[in-house]
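Following: one structure in structure tokens, then a few remarks.
The values are calculated or read from the model by the stated rules, or taken from the named source; none is laboratory data. A quick note: this is a predicted structure, and the numbers were derived from the prediction, not measured. Here the Cβ is made from the backbone with ideal geometry for all residues, glycine too, and neighbour counts use every protein chain on show. Only protein heavy atoms, including side chains, enter the accessible area calculation; ligands, DNA and RNA are left aside. Shrake-Rupley method; radii C 1.70, N 1.55, O 1.52, S 1.80 Å.
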Amino acid sequence: MQSLSSPWIIRQARPGEYATLGKLLVSAYAGLRGMPTPEQQPDYYAMLADVAARAARPALAVFVAADGAGELLGSIDFIDDMTRYGSGGTAATVTDAAGVRLLAVNDVYRGKGVGKALTRFCIERARNAGKARLLLHTTKVMQAAWAMYEGLGFVRFPEIDFRQGNLDVFGFRLDLAGASGPTS
């Protein structure tokens, strides 16, 4: 569990929260202008909604930011073994790396630092695990996330790009070895 002098804590998701988290993820992704709809990509949205299935996977942990009353503000999946990354492309072949997927923040809390705190939490988790890099994917429709990742020091990693239906998905990496990480 982690609190970085913020009004929320970051901790592993609890089974009783999975359904609520699934709804948060579906709402966040379906609400992005330009993102394929649940009708266009039903399997993708079913995967987003099924937090329990992802949390049960080896090497994957679902983390949440929650306020003092227990309200879920956002979530992120952390994968400590890239062979279990679970997306398209070649990311699963990258060695000595951890990954993050499916960052989502409740609409009410967007722009308040929740997504950045969840991402920083995973950066530290990967660094503490001795990983050389942290990988992720995003899309052009996720402009706020794209800018945040670049602000945290992630750089494009086109070797792991792929297409999901009609959507281009872009790879990023943050090299962790010897890096203290950005402070902003």
Out of the residues in region 37-46 that are within 17 Å of the chain's Cα centre (by Cα) and over 17 Å from Val100 (Cα atoms), state the one that is surrounded by the fewest Cβ atoms within 10 Å (Cβ to Cβ).
-> Ala46
Kindly provide the set of residues from region 67-77 that are among the hydrophobic types (A, V, I, L, M, F, W, C) and open to solvent by less than 10 Å² (accessible area, probe 1.4 Å), ordered by number.
-> Leu73, Ile76
Residues being part of a helix (DSSP H, G or I) and within 18 Å of Phe157 (Cβ to Cβ): count how many of those fall in region 66-95.
-> 5
Picked from region 1-36 (must be over 14 Å from Ala104 (Cβ atoms), in a loop (DSSP other than H, G, I, E, B) and open to solvent by 50 Å² or more (accessible area, probe 1.4 Å)), the residue modelled with the highest pLDDT is Arg14
Which ones in region 158-180 are open to solvent by less than 30 Å² (accessible area, probe 1.4 Å) and not in a helix (DSSP H, G or I)?
-> Leu167, Val169, Gly171, Phe172, Leu174, Leu176
For region 113-122, name all the residues that are open to solvent by 20 Å² or more (accessible area, probe 1.4 Å) and farther than 11 Å from Gly74 by Cα.
-> Arg120, Phe121
Candidates Gly74, Gly22, Gly31, filtered to the one that is within 23 Å of Arg163 (Cβ to Cβ) and in contact (Cβ under 8 Å) with a residue 12 or more places away in the chain = Gly31
Given the conditions (1) surrounded by 15 or more Cβ atoms within 10 Å (Cβ to Cβ); (2) without any contact (Cβ under 8 Å) to a residue 40 or more places away in the chain; (3) not in a strand (DSSP E or B), and given that Ala98 satisfies all but one, which numbered condition is not satisfied?
-> (3)
Selected residue [touching a strand residue (DSSP E or B) at 6+ places or on another chain (Cβ under 6 Å) and farther than 22 Å from Leu176 by Cα] from Ala28, Ala56 = Ala28
So which residues in region 47-63 are over 24 Å from Ala144 (Cα atoms) and open to solvent by 40 Å² or more (accessible area, probe 1.4 Å)?
-> Asp50, Ala52, Ala53, Ala56, Arg57, Pro58
Sort out which residues of region 134-157 are open to solvent by less than 60 Å² (accessible area, probe 1.4 Å) and outside any helix (DSSP H, G or I), and write them in order of number.
-> Leu134, Leu135, Leu136, His137, Thr138, Thr139, Val141, Met142, Leu152, Gly153, Phe154, Phe157
Looking only at region 78-87, which residues are open to solvent by 30 Å² or more (accessible area, probe 1.4 Å) and either among the hydrophobic types (A, V, I, L, M, F, W, C) or within 19 Å of Met47 (Cβ to Cβ) (or both)?
-> Asp81, Thr83, Arg84, Gly86, Ser87
